[in-house]
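Taking it in order: structure first as C-alpha cells, then the write-up.
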Amino acid sequence: MPRTGEMADFGFQRLPLEHKQARVDDVFRSVARRYDLMNDLMSGGLHRAWKNALVTAVDPPRHGPAVGARPFALLDLAGGTGDIAFRVVEAGGAGTRATVVDINADMLAVGRARAAERGLDDTITFVEGNAEALPFPDRCYDAVTIAFGIRNVPRVAAALGEAYRVLRIGGRFLCLEFSQVDVPGLEALYDFYSFNVIPALGRAVAGDAQAYRYLVESIRRFPAPQAFAEMMHTAGFARVSFQRMSGGIVALHSGWRL
Ligand SMILES: C[S@@+](CC[C@H](N)C(=O)[O-])C[C@H]1O[C@@H](n2cnc3c(N)ncnc32)[C@H](O)[C@@H]1O
C-alpha cells in the first residue's frame, strides 16, 4: 500500500494511516468469539440499553410497508456480530431488511451463525466490506447506522461520505459511539475501571488484555461530540444533533440526508 505520510491514532500509539486497519483487524479477529459476552460483562448489560436507544431512533415501521411501497432497508456499518441489525428487524414490521457490513470475516461469521439460530438469515445479509468504500449504489438505504464502529475506521471522513452517499433522500444516519464523561466525580472512577478492570476482564474472558487496552485507549482518542458533529456537517448531513447518555459515556449522533 502506498505511503501517504498521514498518521493515525491506534489507541495511544501513532502509526502510519495505512497501517491502522490491519492492527484493528487483528484486534477483532482475536476477540470475535467472545465479543458479545465481553460487551455484557464490560458494560454490565448497559450496551443493550444504548443499542435500544439507537433502534428507537431508527424507528423502523412496525406494520411493514404500505401496499405497493418498498420495505424498509437498514445498512449497519461495522456491524460485527449483527446486534443492531437483529434489534432493528425484530422491532420493525414484516419486510424490514438489514445489511450488515464489516471488514472482519471472523466477526461476520459469528453474526451469520447468530442469524441462522434466530431464523433471520433471509432477512439479514452479511457483507464483508470496508465502510470507507461501500459496495452499494447511491441512495439505496432508508437508514444507516454504526455502533461502536466509527472510531476503529481509519478514514472517518470517507466513511461518513459513504454513509451519506448510500442514504435515500429523507434517510437518517445514526452513530452510537463512546464519548466523554461529563459528570464530575464519575471521570476518575470511569478511568480506573477502563484502564484496570477492562483489560483484566479481556485477559480472563477473551484471552487478550492488549485488545481491550486498545479499545479503551481508542475511546480517549475519539473526537468530542461537538467535533464529530462538525465532521457530520462536512459530510453533508443536515439537522445534525447528538444526545449524551449515561453521564457522557456514550453519545448518539444523528444526521439526515435532506
Ligand atoms: C466494537 S465493534 C462493533 C460491532 C457492532 N457494531 C456492535 O455494536 O456490537 C467494531 C467493528 O468495526 C469493524 N470495523 C473496523 N474497521 C472497519 C472498516 N473500515 N469497515 C467496516 N468495519 C470495520 C470491526 O471489524 C468490528 O467488527
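The values are calculated or read from the model by the stated rules, or taken from the named source; none is laboratory data. All of these numbers come straight from a predicted model, not from anything done at the bench. No Cβ is skipped: glycine too gets one built from the backbone with ideal geometry, and neighbour counts run over all protein chains shown. With ligands, DNA and RNA removed, areas are computed over all heavy atoms of the protein, side chains included. Shrake-Rupley method; radii C 1.70, N 1.55, O 1.52, S 1.80 Å.
Residues of region 24-46 include none that is closer than 26 Å to D138 by Cα and in a helix (DSSP H, G or I).
More than 22 Å from E217 (Cα to Cα), more than 20 Å from the chain's Cα centre (by Cα) and either more than 13 Å from the ligand (Cβ to nearest atom) or of a type outside the set (A, V, I, L, M, F, W, C) (or both) - does that describe any residue in region 41-56? No: zero hits. The set of residues in region 120-142 that are among the polar types (S, T, N, Q) and within 11 Å of the ligand (Cβ to nearest atom) contains only N130. Evaluation of I249 against the conditions (1) crowded, with 19+ Cβ neighbours inside 10 Å; (2) free of Cβ contacts under 8 Å to residues at least 24 places away in the same chain shows that the sole unmet condition is (2). Scanning region 205-258 for residues that are more than 16 Å from the chain's Cα centre (by Cα), part of a loop (DSSP other than H, G, I, E, B) and under 13 Å from V181 (Cα atoms) yields a single hit, A224. Once region 94-105 is narrowed to residues that are open to solvent by 10 Å² or more (accessible area, probe 1.4 Å) and in contact with a Pro (Cβ under 9 Å, 6 or more places away or on another chain), the residue that is nearest to the ligand (Cβ to nearest atom) is R97.
Among the candidates A211, A157, A188, the residue that is crowded, with 16+ Cβ neighbours inside 10 Å and either closer than 22 Å to F136 by Cα or of a type in the set (A, V, I, L, M) (or both) is uniquely A211. Filter region 174-185 for residues that are within 12 Å of the ligand (Cβ to nearest atom) and open to solvent by 30 Å² or more (accessible area, probe 1.4 Å) and give the result. Result: F178, single match. Residues in region 1-23 that are out of contact with any helix residue (DSSP H, G or I) (no Cβ under 7 Å at 6 or more places or on another chain), open to solvent by 90 Å² or more (accessible area, probe 1.4 Å) and modelled with pLDDT under 95: 1 in all.
Mind checking which residues of region 143-170 are in contact with a Leu (Cβ under 9 Å, 6 or more places away or on another chain) and more than 16 Å from the ligand (Cβ to nearest atom)? Correct list: L167, I169, G170.
Is it the case, given these coordinates, that G171 is assigned to a strand (DSSP E or B), buried (at least 19 other Cβ atoms within 10 Å of the Cβ) and within 20 Å of the chain's Cα centre (by Cα)?
Values: assigned to a strand (DSSP E or B): yes; buried (at least 19 other Cβ atoms within 10 Å of the Cβ): yes; within 20 Å of the chain's Cα centre (by Cα): yes.
When the stated conditions are applied, G171 passes them.
When G82 is tested against (1) more than 10 Å from the ligand (Cβ to nearest atom); (2) of a type in the set (G, A, S); (3) open to solvent by less than 60 Å² (accessible area, probe 1.4 Å), only condition (1) is not met.
Sort through T145, T81 and tell me the only one that's of a type in the set (V, I, T), closer than 19 Å to N52 by Cα and touching a residue at least 60 places away in the same chain (Cβ under 8 Å).
Values: T81 fails: touching a residue at least 60 places away in the same chain (Cβ under 8 Å).
Within the list T145, T81, the selection yields T145.
When region 57-77 is filtered for residues that are away from the ligand (no atom under 15 Å from the Cβ) and surrounded by 12 or more Cβ atoms within 10 Å (Cβ to Cβ), the ones remaining, listed by number, are D59, P60, P61, G64, P65, P71, F72, A73.
If you go through region 52-82 and keep only what is assigned to a helix (DSSP H, G or I) and touching a helix residue (DSSP H, G or I) at 6+ places or on another chain (Cβ under 6 Å), you end up with V55, V58.
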